[in-house]
Each structure stands twice: as C-alpha cells, then as structure tokens.
1. Can you list the HN-Hα couplings for segment 340-356, worked out from phi with the Karplus curve (6.51, -1.76, 1.60; θ = phi - 60°), rounded to whole Hz and with x for Gly and Pro?
2. Using all Cα-Cα distances in the chain, what percent lands in each 10 angstrom bin from 0 up to the longest?
3. Please build a GNM for the chain, connecting alpha carbons under 10 Å apart, and tell me which residue among Val173, Val267, Val88 fluctuates the most.
4. Rounded to the nearest 10 degrees, what's the angle between the helix 136-145 long axis and the longest principal axis of the chain, both from Cα atoms, 0 to 90?
5. Using R₀ = 35 Å, calculate the FRET efficiency as 1/(1 + (r/R₀)^6) where r is the Cβ-Cβ separation of Ala287 and Thr238; round to 0.05.
6. For Leu172, which sequence-distant residues (separation of 5 or more, or a different chain) have an amide H within less than 5 Å of its own amide H, given hydrogens modelled in the peptide plane?
7. Rank Arg346, Arg313, Arg38 by mean-square fluctuation in a GNM of the chain with C-alpha springs under 10 angstrom and give only the top-ranked residue.
8. In whole percent, what relative contact order does segment 1-144 give with Cα contacts below 8 Å and a gap of six or more residues?
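What follows is calculated from the coordinates using simple rules that are stated; it is not laboratory data. These numbers come from a predicted model, not from an experiment. Cβ sites come from the backbone with ideal geometry, for glycine too, and all protein chains shown count toward neighbours.
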Amino acid sequence: MSTITATRSQLSSQQRSNELEAAIARDPHAFRVLSGDRPTGALHVGHYFGSLANRVRLQHAGVELLVVIADYQAITDRTASADLPGIVLGLVADYLAIGIDPARGTIFAHSQVEPLNQLLLPFLSLVSVAEIGRNPTVKEEIAVAGSGAVSGLMFTYPVHQAADILFCHANLVPVGRDQLPHLELTRTIARRFNDRYCPGVPYFPAPDGMLSAAPLLLGTDGQKMSKSRNNSVPIRATPDETVRLIATAKTDGERHIAFEPERRPEVANLLLLMALCRGTTPEAVAAEIGAGGAAALKAAAADAINDRLAPVRLRRAALSAEPGYLREVLAAGNEKAAAIARTTLRRVRELMHHSY
Ligand code: TRP
C-alpha cells in the first residue's frame with residue numbers, strides 16, 4: 001500500500017468513525033463490539049488512549065462488549081512462557097481497572113474457545129497467500145522481528161483475528177490505526193464467505209473499525225509505542241516509574257516548546273500525551289511550558305499521566321490482590337464466548353455443506 005493510499009483510507013476511516021458515533025448514540029443495542037490485545041506484557045498508555053478508553057466509553061453507552069485476550073496471536077514471534085498465566089490475569093486486572101464491567105461484557109482468552117479456533121480453517125480458504133503477504137502490519141512486524149525464521153502463524157494470525165471478530169458477529173471493532181489492515185481483511189473474509197456460501201442472505205456482518213480521536217502515540221524512543229519494544233509507559237507503572245520512563249524519552253535540543261508534529265515529532269508526542277491525559281490540546285500545554293525546555297515538559301507530562309491514571313492504578317492494585325476473582329471472571333467469559341462460537345460454527349458447517 002502506498003503512503004498516499006494509506007493516508008486516504010485512514011482519513012475515510014476517521015470519517016466513518018464519526019458516522020458510527022452518531023449511530024451508536026441513536027441505537028447502542030444495534031452494536032456488538034469486539035476488541036482485544038495480545039498478552040505479551042503490560043498494557044500501556046498508547047493502548048489506553050488508542051483503544052481501551054473507547055471500549056469503556058462504548059460499554060457505558062450501552063453496546064455489548066467482548067474483549068479477546070489473543071494468547072495464540074502472542075506466539076507469532078515468541079515462545080509461550082511460564083509467565084503467560086500471570087500476564088493473562090494481569091490483562092484481566094487492567095480491563096477491570098480501566099472500567100470494563102464483566103457482568104455486562106465478556107472477557108475471554110481465544111485459546112480456550114475451541115469452536116472459535118476452528119473457524120480459522122474455512123477462513124484461510126477465503127484469502128490468498130499474496131493478500132496476506134501485502135498486509136502492511138504483518139510486513140512491519142516481520143521487519144521488526146528482522147529474522148529469516150518467520151513463523152507460519154505470522155502469516156495466518158490476521159485470518160485468525162477475523163475469527164476473533166466474526167465468531168460473535170461483532171460489527172464494530174475499536175482499534176489503533178495499525179490494526180486497520182486486519183479489519184479490512186476481516187471484511188473481505190466476511191464478504192467472500194457470504195458470496196460463496198449464502199449469496200443474497202449474508203451470514204457474517206462486515207465489521208467497521210473505530211479509531212479513537214487520539215493519533216498514534218510514539219514510545220520513549222520515538223518509535224511506535226509497543227509492549228515488545230520496551231519503549232512504553234505501562235498503565236500499571238508506579239508514579240516514580242512513570243517519571244523515570246518519561247525522563248528517558250527522546251526529545252530535541254530546542255529550548256522553546258511548541259507543537260510541531262512534522263518537525264519535532266518527539267516533543268509533539270509528549271505534548272500530545274499530556275494533552276490527552278488532561279483532556280486539552282497539545283497547543284495549550286505547549287504554551288504552558290513555553291521556554292521551560294524538555295526537562296519541564298517531561299516533568300509535566302509525567303505528572304499528567306500520574307494524575308490521569310491514579311484512580312485506575314488504585315483499582316488495579318486492589319484487583320491484583322484477588323487472583324481467584326480474576327480467574328473466575330475469565331472462566332465465565334470463556335464459557336460465554338464458547339456458547340456463541342458453538343452456534344456460529346454449527347451454522348458455518350451447515351452453510352459450507354460440512355454437516356453430515
Ligand atoms: N492484533 C491485536 C493487537 O496486536 C490484538 C487482537 C487480536 C485483536 N484479536 C483481535 C484486536 C480482534 C481487535 C480485534 O493488539
């Protein structure tokens with residue numbers, strides 16, 4: 001995909017997001033939202049502003065919310081480790097701490113939902129190898145992994161992600177911009193399935209992505225913020241850790257702080273993060289720092305993060321003391337997801353002439 005095409009499609013996604021907001025306000029019950037994360041480490045402020053805050057907001061607005069902990073997807077580029085159960089329960093704690101209500105929603109781990117996984121096979125038959133090879137997010141992940149030993153799962157996980165979304169007929173997926181290619185593939189799979197196996201009576205919806213208003217946040221090294229790149233500020237970090245992490249953030253030598261995202265991306269990123277935390281604009285916080293320089297900017301940004309996340313961190317500390325409760329929430333979510341997936345798989349088999 002060329003840069004120009006990417007920009008154009010991102011613009012229209014933003015427009016579509018705005019239309020969707022209006023439709024949700026009119027009739028929240030028409031929406032089933034699914035989103036999720038890989039259990040590769042602590043969720044960070046990029047997730048928070050990119051997708052997590054949107055999930056909570058949508059749930060409050062009255063839509064049904066499902067959250068997938070993508071534990072199979074986590075092994076695209078690494079081996080499942082003995083820490084995985086702790087990381088998974090940590091994610092459950094993060095979700096509850098930011099305000100997701102497990103009584104109204106469903107939090108599940110996709111490895112535990114067997115009929116969901118089985119959808120991968122028919123879905124794989126609907127896409128070409130070349131299509132997956134062109135996926136910009138997959139390409140970037142391969143470049144980051146920088147190895148000749150790219151696993152087969154690296155190529156098939158976007159199709160598995162389509163199963164995460166379609167098994168429950170989700171029609172809305174709040175994600176960061178990097179996930180838009182996967183959303184496009186999911187829509188392609190839904191459309192092709194419908195065309196081939198139930199023409200005229202679509203079985204799967206073509207789900208919409210929903211971008212948050214927040215632009216993509218960079219990590220402390222100026223690259224995309226990512227759990228696996230060690231450049232993020234985890235939601236669960238202590239205030240002191242947050243100060244230390246932000247202190248390492250890359251900036252530039254110019255004393256006067258101004259919001260110039262093109263020319264000074266690292267400074268702009270800290271301003272943006274601070275503005276998101278405070279619910280204001282990056283220009284306003286830049287004016288506040290003025291001639292204070294990078295040191296003042298970093299101190300103020302760390303304070304803003306700490307203030308914004310204080311209540312979340314308090315709840316999270318209480319939740320992590322209750323691993324039994326976290327396990328119960330997950331088990332109940334796995335059960336609910338499995339019931340939905342069984343129904344979908346049964347229908348898929350019927351439509352594909354695979355019921356004997
Ligand atoms: N690919 C997403 C990420 O890396 C995680 C994910 C898995 C997901 N399945 C999903 C996101 C379904 C949205 C919908 O963060």
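1. 3J(HN,Hα) across segment 340-356, in whole Hz: 5, 5, 4, 4, 5, 4, 4, 5, 4, 4, 4, 5, 8, 6, 10, 10, 10.
2. For the chain, the binned pair fractions read 5, 23, 33, 26, 10, 3, 0, 0 percent.
3. Highest fluctuation among the options: Val267.
4. Value to nearest ten degrees: 60.
5. Details: r = 30 Å, r/R0 = 0.85.
Using R0 = 35 Å, I get an efficiency of 0.70.
6. Those lying under 5 Å, H to H, from Leu172 are Arg32, Leu34, Asp208.
7. Arg346
8. Working: 112 pairs, mean separation 35.7, N = 144.
Relative CO of segment 1-144 lands at 25 percent.
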